[in-house]
Amino acid sequence: MSDAGSWKDPSLYVKHIHVEESCLELDYTKEILARADLPYTVIEDRSEPQGIEGEYPANLNQGKHHLLLCKNRGHFFKPCPGTKEYRCCDYQVLNIGMNCPMDCVYCILQAYLNKPWLTFFVNSENLLSEMETAFQAEPERFFRIGTGEFTDSMALDRFTALSTKLVRFMASQNQAVLELKTKSAVIHNLKGLDHNGKTIVAWSLNSLPIMQKEEIRTATLTERLQAAKQCADWGYKLAFHFDPIIDHPGWEQGYEHTIKKLYQSVPADQIVWISMGALRYLPSLKTIGTERFPGSKIFYQEFIEGLDNKKRYFRPRRVALYKHIYSLLKQYASPKTVIYFCMESDEIWKEVMGYVPEEKGGIPEMLDQTVNS
């Protein structure tokens with residue numbers, strides 16, 4: 001199968017920028033506007049960008065052409081919104097913005113958010129100081145931090161160059177690592193930085209038919225893996241996420257192809273962790289996804305409501321998917337790489353991997369150890 005239809009840099013989809021008035025004089029805003037070289041409009045603080053017609057979510061595609069530069073007036077730094085019913089990895093989320101120029105059929109943000117435009121927070125000094133305060137408040141704690149919860153970590157990095165600020169900041173932190181997770185191949189700002197091993201660059205991967213049909217405006221598998229190889233050459237540790245794993249015709253061969261190509265492309269001993277998680281979604285996402293993407297079939301299978309009120313495949317189906325992918329990963333993975341489930345029960349862990357996380361100190365301890373070893 002070929003990697004056709006490349007969107008290596010999805011920021012190319014952005015056509016217009018809106019700037020809150022109070023942000024216009026910030027040096028960082030000026031840098032972003034200069035790099036983007038796009039038409040921009042100044043709007044009143046806390047007002048909405050104009051020029052996007054229709055109602056949400058029908059106007060999402062149009063909204064993704066528009067980027068709002070504003071201030072985050074809430075918290076930048078907070079725990080991942082996991083659920084107590086399933087095993088969580090104790091991740092900390094750094095909220096750099098909302099929404100994404102890519103358009104994955106299964107994206108949970110379609111149901112979480114209610115505004116169609118992209119948002120990026122330009123008060124980056126507050127972001128860094130909030131992290132410093134959190135580290136000082138808990139000097140004995142080790143933090144694993146990610147920016148990919150409400151947006152893609154690198155999709156707008158051509159404009160923002162936020163990765164440069166974050167990598168340089170993290171390099172001097174002894175009690176934390178940062179994970180930059182993406183479906184793009186935008187890595188040029190990572191070159192030549194003294195990262196001190198404190199930044200992990202991560203990619204979401206999937207079976208090739210899913211990447212081609214359900215992950216719109218994303219980098220191809222080849223482009224993602226070429227970018228990962230380049231980051232490995234620059235000395236960065238890597239991570240990969242098979243999430244969501246989607247049941248589809250030919251899924252066994254699809255995931256096998258991706259996993260083989262992954263290990264042909266990047267050094268196994270530089271991969272610190274790989275997560276697995278089967279498709280799960282808020283019930284409202286099915287309505288949104290099927291209306292926006294009528295050609296997609298991923299929501300038309302049998303699902304059960306999980307303990308977190310999200311729709312999931314029935315347990316035997318999840319186990320079958322996981323066992324196949326886990327066995328493939330174990331064939332190639334370095335002994336140092338932690339393979340773990342995102343939001344699954346102890347029963348699933350035991351059935352697929354033969355142990356429960358507590359036997360190894362818990363998921364947070366397993367992940368912390370691999371980046372500190």
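We did not get these values from a lab; they are worked out from the coordinates using the rules stated. Remember, predicted model here, so these are calculated numbers, not experimental data. Neighbour counts are summed over all protein chains in view; Cβ atoms, including those assigned to glycine, are modelled from backbone coordinates with ideal geometry.
Taking other Cβ atoms within 10 Å as a rough exposure proxy, SER163, SER6, SER172 sort from fewest to most as SER172, SER6, SER163. Magnitude of the charge dipole for the stretch 218-359, about its Cα centre and with charges confined to Cβ atoms of Lys, Arg (+1) and Asp, Glu (-1), is about 320 debye. When its C-alpha radius of gyration is set against 2.2 N^0.38 Å (N residues), the stretch 121-242 gives a value of 1.09.
Helix content alone sets the calculated 222 nm mean residue ellipticity of the chain: runs of n ≥ 4 DSSP H residues at -39500 (n - 2.57) each, divided across all residues, give -10000 deg cm²/dmol. Proximity of backbone amide H atoms, modeled 1.01 Å from N, is registered between LEU68 and HIS18, LEU118, THR119, PHE120 at under 5 Å, excluding neighbours fewer than 5 places apart on the same chain. Between the C-alpha center of the stretch 254-312 and that of the stretch 208-245 there is a gap of 14 Å.
When the pairs LYS213/LYS261; LYS260/LYS297; LYS191/LYS260 are compared against a 24 Å limit on Cα-Cα distance, LYS260/LYS297; LYS191/LYS260 fall above it. The calculated FRET efficiency for LYS286 paired with ASN114, based on their beta-carbon distance and R0 = 30 Å, is about 0.95. In plain terms, the residue of ARG35, ARG217 with the fewest other Cβ atoms within 10 Å comes first and the most crowded comes last, giving ARG35, ARG217. Among beta bridges from DSSP that stay inside the chain, the antiparallel ones total about 25%. Computed extension gain for ARG73 through GLU21, at 0.36 nm per residue and net of the alpha carbon distance, reaches 17.3 nm. Can you compute the FRET efficiency between GLN50 and ALA268 using 1/(1 + (r/R0)^6), with r the Cβ-Cβ distance and R0 = 51 Å? Round to the nearest 0.05. That gives a FRET efficiency of 0.50. If you take the Cα centroid of the stretch 1-53 and the Cα centroid of the stretch 327-362, the two points sit 41 Å apart. Basic side chains Lys and Arg get +1 at the Cβ, acidic Asp and Glu get -1 at the Cβ, and with that the dipole of the chain about its Cα centre reaches some 840 debye. For SER327, the shell of other residues with beta-carbons less than 11 Å away shows a net charge of 0, using +1 for Lys and Arg and -1 for Asp and Glu.
Subtracting the Cα-Cα distance of GLU365 and PHE314 from 0.36 nm times their residue separation leaves 15.5 nm of extension gain.
Projecting the Cα positions of HIS257, LEU24, GLY74 onto the charge dipole of the chain (unit charges on Cβ atoms of Lys, Arg, Asp and Glu, taken about the Cα centre) puts HIS257 furthest along the positive direction. Across the stretch 10-372, C-alpha contacts under 8 Å between residues 6 or more apart give a mean separation that, scaled by the residue count, equals a relative contact order of 15 percent. For GLU138, GLU130, GLU223, the sequence from fewest to most other C-beta atoms within 10 Å is GLU138, GLU130, GLU223.
A cut-off under 11 angstrom between Cβ atoms defines the neighbours of ILE43, and their net charge, with Lys, Arg +1 and Asp, Glu -1, is -4.
Applying 0.36 nm per residue to the separation of GLU31 and GLU140 and subtracting their alpha-carbon distance, the gain on full extension is 35.6 nm.
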